[in-house]
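The values are calculated or read from the model by the stated rules, or taken from the named source; none is laboratory data. As the structure is a prediction and not an experimental result, all values here were calculated from the model. In this analysis, Cβ positions are derived from the backbone assuming ideal geometry, glycine residues included, and neighbour counts consider all displayed protein chains. What goes into the accessible areas is simple: the full protein's heavy atoms, side chains included, and nothing from ligands, DNA or RNA. Shrake-Rupley method; radii C 1.70, N 1.55, O 1.52, S 1.80 Å.
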Amino acid sequence: MAQDQASGTTVLGRVPQGEPPGGLRAAAARFALLPLRIFLGITFVYAGFDKLTDDVFLDASGPGSLHNTLDTLPDVAIPALVDLAQQAPTEFGIAISLGEIAVGLGTLAGLWARLAAAGGALLSMTLWFTMSWSADPYYYGQDLPYMIAWIPLILAGAPYWSLDSVLAVRRRRKGQQLFA
């Protein structure tokens, strides 16, 4: 692993200043969010590609299409979102798919990780308020856990094994103290 000479930290698995580098417990704490990042990243990339490659989902109407699904929703928290999506269901489906892919790739790469996580939380919240809202009891709604799962990544970002950490080391080398 490449070493940053200025701070003495490794580029991809860097240890924050003032933190002892050793021990299994310390390593577990440092990398605790990595499995969540990998799971959410892969899931969102898969979901996006699955929608884009599903001919039925992107149909203007018909069984299994986004338009048909929106028509059959029993109850939603924000009906205006459903009304908006029904005006152009194919385009809306493509936008959701591309958003999921962008969020997933950003999360996996750890590039602009907080922004990617915020996008994932926003997508999940939107789907919860529309597609999963009628789940009873509420914890059967599949989008709510995803929305909550993004919160630790919004707060912590991707400090390890990420392009964000590589960029942070580069900024420190150049003496630029921008957003860390």
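Starting from the Cα of residue 46, step 7 Å along the direction of its Cβ; do the same at residue 98; then give the gap between the two resulting points in nm.
2.5 nm
Under 10 °C and 1.306 mPa s, how fast does region 47-180 diffuse according to Stokes-Einstein, given a Kirkwood radius computed over C-alpha pairs? Answer in µm²/s, whole number.
In µm²/s, the coefficient rounds to 97.
Please work out how much length the chain gains when fully extended from residue 56 to residue 142, using 0.36 nm per residue of separation minus the C-alpha to C-alpha distance, in nm with one decimal.
In short, 28.8 nm is gained.
With Cβ to Cβ distances under 13 Å as the rule, what net charge do the other residues near residue 44 carry (K, R +1; D, E -1)?
-1
Report the far tail of the P(r) of region 28-82, meaning the percent of Cα-Cα pairs longer than 17 Å.
59 percent
How many nm is it between the label spots at residue 151 and residue 32, if each spot is 7 Å from the Cα in line with the beta carbon?
1.5 nm
For the chain, with a Gaussian network of springs between Cα atoms less than 10 Å apart, report the residue from 64, 22, 119 with the top mean-square fluctuation.
Taking springs between Cα atoms under 10 Å, the residue moving most is 22.
For residue 84 and residue 122, what is the calculated FRET efficiency with R₀ set at 22 Å and r taken between the beta-carbons, to the nearest 0.05?
With R0 = 22 Å, the Cβ-Cβ based efficiency is 0.90.
If you roll a 1.4 Å probe over the chain with all protein chains in place, what percent of the accessible area is carbon or sulfur?
Taking all protein chains in place, the chain shows 66 percent carbon and sulfur surface.
Compare the Cα positions of 57, 87, 128 along the charge dipole of region 52-129 (+1 at Cβ of Lys, Arg; -1 at Cβ of Asp, Glu; about the Cα centre) and return the one farthest towards the positive end.
Result: 128.
Quick one, could you list the DSSP H helices from the chain stretching 20 Å or more along their long axis (Cα atoms) with average Kyte-Doolittle hydropathy of 1.0 or above?
Both cut-offs are met by 34-52, 89-109, 113-130, 143-156.
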